[in-house]
Each structure stands twice: as C-alpha cells, then as structure tokens.
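Undergrad: Please read through the structure below; I'll follow up with questions.
Read-outs: derived from the displayed coordinates by stated rules, not from any lab. Computed from a predicted model, the values in this text were never measured in an experiment. Here the Cβ positions follow ideal geometry from the backbone for every residue, glycine too, while neighbour counts run over all protein chains shown.
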Amino acid sequence: MPYKDLKNKPLVEAILELRWTLESGGPGVSRDPHYRLLLGRFSERVQEEYSSYGVLPTANFPDEMVAHIVQHQFRVKQNAWPLLQIGPGIITVNDTDGYTWTDFQRRCEGAVAKLVDAHPKASDLMPERITLRYIDAVDFDHTKDNILGFLSDKMKVRLELPENLFADGLVSTQPSAFNWQVSFPLTKPKGTVSLWTCPLN
C-alpha cells in the first residue's frame, strides 16, 4: 500500500518502543550491566539532532527497580517533538503533531542504529519486544451523539445489537459506556495488530 500523509489526522502520539532482555538480579529484580555506559555513549551519538536533554523523575530510582521504564529524554529542542527516551532495557521514539511516516521511519531506524552502535557489547543486546503504537483521538460527546453510529459513519466499523433489545423502549439505543478491543495475528512481520477504544467518560 502506498504511503499517504493525512492532512487532518487525529494523531495524539506515535510511539515506537523497543525493549531488550535484561539480566535477572534476583526475585523481581532485573538489571542491564551495560546501561550506564550505554546511556553516555547513546547521548553522544544523538546530541547533534536531539540537542535538548531532560531527566525524568524515574531516574531517581535505582536502575534495578525501573526495568523497561524510560528515565532520560532527548528532544530536537526544548519542550519540542519529536523525542527519544531511554531507560534500562528500553528505548522509545515519540512524535506528535508534525508526524509524517517518512520522517518517523527515518528517526526510528536512526535511533535503533545508534543504540546498537553505542552498546558496549552489541551481542548482548537481545530484542525482547518491539511495539509500534498510534494514539488517535477525536472530540466526541456521548451525551449528544451515538457512539455506535459514529463508529459506523466515520470509522467504517459496524457494531450491531439485536433490535428486539430496544423494542419496548425501556433500554436506550444510545450507549452511556463503551469499551472495545480486538487483536489480529500478523504473519509478516510476525506480530499482533491491536485496536482499542478508550472508555466513554
């Protein structure tokens, strides 16, 4: 399928997350023996493009307690997107309003290449999970509009219930709560495609 940039995309955030296997340091404890050196070397390799550095509150905890939790951010400029995040056993690439697939793909490939190059012992870098996540949102007032009608008209997703459920008028046809999730196996590349909605407030 050819790439097409959507002019009015409802994107809140695009996220690539790569996790790698950590060593067990005992019950409930995981550690990356290369993390501190990796952090410094990775910082050197990304600072030209991501010049604004920030420390997250999770950096105050011992590394063994925050496995697969980001601690440090590298932004293109202060408080701007896109950004890279890194922590023990994890790296993410995040983008928002200015997102285009071409640029995001380039940044993802570049971040992973720099991660491998910066790792003190790349043979120990064993990917555990790669997740590509898109968070989309549109304004919707469930007190005025019907979510099932909205999904059918705007998203081309049809969810129907038997009409006799509403036949006597005792049950409203307009949902006051809605939560939906579906996952499909993906063969190439091997993985899972998951779609879900946030509950109505």
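Undergrad: Taking the Cα centre as origin and putting +1 on Lys and Arg beta-carbons and -1 on Asp and Glu beta-carbons, what dipole magnitude results for the stretch 17-129, to the nearest 20 debye?
TA: My answer is approximately 120 debye.
Undergrad: Right, something else. Relative contact order for the stretch 42-116: what is it in percent, counting Cα pairs under 8 Å that are at least 6 residues apart?
TA: RCO, the stretch 42-116: 25 percent.
Undergrad: Right, next: Starting with the highest mean, order 42-54, 77-89, 123-135 by the number of other Cβ atoms within 10 Å, averaged over the residues of each peptide.
TA: 77-89, 42-54, 123-135
Undergrad: Roughly what angle does helix 101-118 make with the longest principal axis of the chain, taking Cα atoms, 0 to 90 degrees, to the nearest 10?
TA: So the helix axis and the longest Cα principal axis differ by about 30 degrees.
Undergrad: So for the chain, taking the charge dipole from beta-carbon charges (+1 Lys/Arg, -1 Asp/Glu), which of N164, A67, V116 sits furthest toward the positive end?
TA: V116
Undergrad: With Kirkwood radius over Cα pairs in Å defined as stated, name the option among [x] 19.9; [y] 17.2; [z] 18.4 computed from the structure displayed.
TA: The calculated read-out lines up with [x].
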